[in-house]
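Since the structure comes first, as structure tokens, the remarks are kept for the end.
The values are calculated or read from the model by the stated rules, or taken from the named source; none is laboratory data. Computed from a predicted structure; not experimentally measured. Heads up, the Cβs are rebuilt from the backbone with ideal geometry, glycines too, and the neighbour counts pull from every protein chain shown.
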Amino acid sequence: MHGLVPASAASSGERNPSQLPESLLEPIISAIPSLPPRPGLVQASELLLSGNFRLMAATNGALETTRGLFAKALGETKAQRWEYFSCDEDRVAKPAPSVYRDVWRKLGVDADAEKKHGWFVASHTWDLFAAKKAGFKTALVTYEEHLVLEDLFGQPDIVAPNLEELARQIIAAERRA
């Protein structure tokens with residue numbers, strides 16, 4: 001996670017982002033475990049878990065931090081029903097193709113199989129572009145990126161303003177399939 005802060009600083013005009021002092025990094029990093037949940041996460045989790053969906057959070061962040069955020073948002077019991085994948089396991093970050101292959105493998109699916117079925121939900125179109133190339137159906141939640149950018153990244157299978165609505169659309173799509 002420390003590596004992402006300089007990258008973000010570079011995108012905002014910082015001249016030497018790799019040389020940011022620890023005094024600037026530490027407050028940012030230490031605030032991560034107290035972040036609020038994404039809009040609709042609790043409701044989406046309820047809907048999908050009650051529909052017997054298998055859920056996995058795939059993150060560029062640290063595994064234990066992510067688990068902690070989910071436990072804080074959902075409660076320990078519900079958070080334990082989720083599975084988790086950190087890019088630290090792969091030693092590369094999304095959108096590297098190997099990350100999505102490893103997510104398939106962690107789900108017990110042959111990443112090279114022609115027919116596979118799974119949804120990848122994200123708030124970044126670049127993330128979904130890579131997930132679609134790896135064979136996932138894709139769902140964009142628009143609370144960070146408000147434009148689909150279809151010409152650059154293609155059209156997600158589902159677009160919704162929050163995770164609860166997105167979960168409802170996934171459930172409806174699965175019923176139609």
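With the structure loaded, tell me whether ALA57 is within 19 Å of ASP127 (Cα to Cα), surrounded by 15 or more Cβ atoms within 10 Å (Cβ to Cβ) and of a type in the set (A, V, I, L, M, F, W, C) or whether it fails that test.
Values: within 19 Å of ASP127 (Cα to Cα): yes; surrounded by 15 or more Cβ atoms within 10 Å (Cβ to Cβ): yes; of a type in the set (A, V, I, L, M, F, W, C): yes.
When the stated conditions are applied, ALA57 passes them.
For ARG67, which of the numbered conditions (1) within 14 Å of the chain's Cα centre (by Cα); (2) not in a helix (DSSP H, G or I) fails to hold?
Checking ARG67 against (1) within 14 Å of the chain's Cα centre (by Cα); (2) not in a helix (DSSP H, G or I), the one that fails is (2).
When you go through ALA62, ALA139, ALA130, ALA160 one by one, which is the residue that is farther than 23 Å from VAL42 by Cβ, out of contact with any Gly (no Cβ under 7 Å at 6 or more places or on another chain) and in contact (Cβ under 8 Å) with a residue 12 or more places away in the chain?
Values: ALA62 fails: farther than 23 Å from VAL42 by Cβ; ALA139 fails: farther than 23 Å from VAL42 by Cβ; ALA160 fails: farther than 23 Å from VAL42 by Cβ.
It is ALA130.
Go through segment 127-170 and report how many residues are modelled with pLDDT of 95 or more and assigned to a helix (DSSP H, G or I).
Result for segment 127-170: 15.
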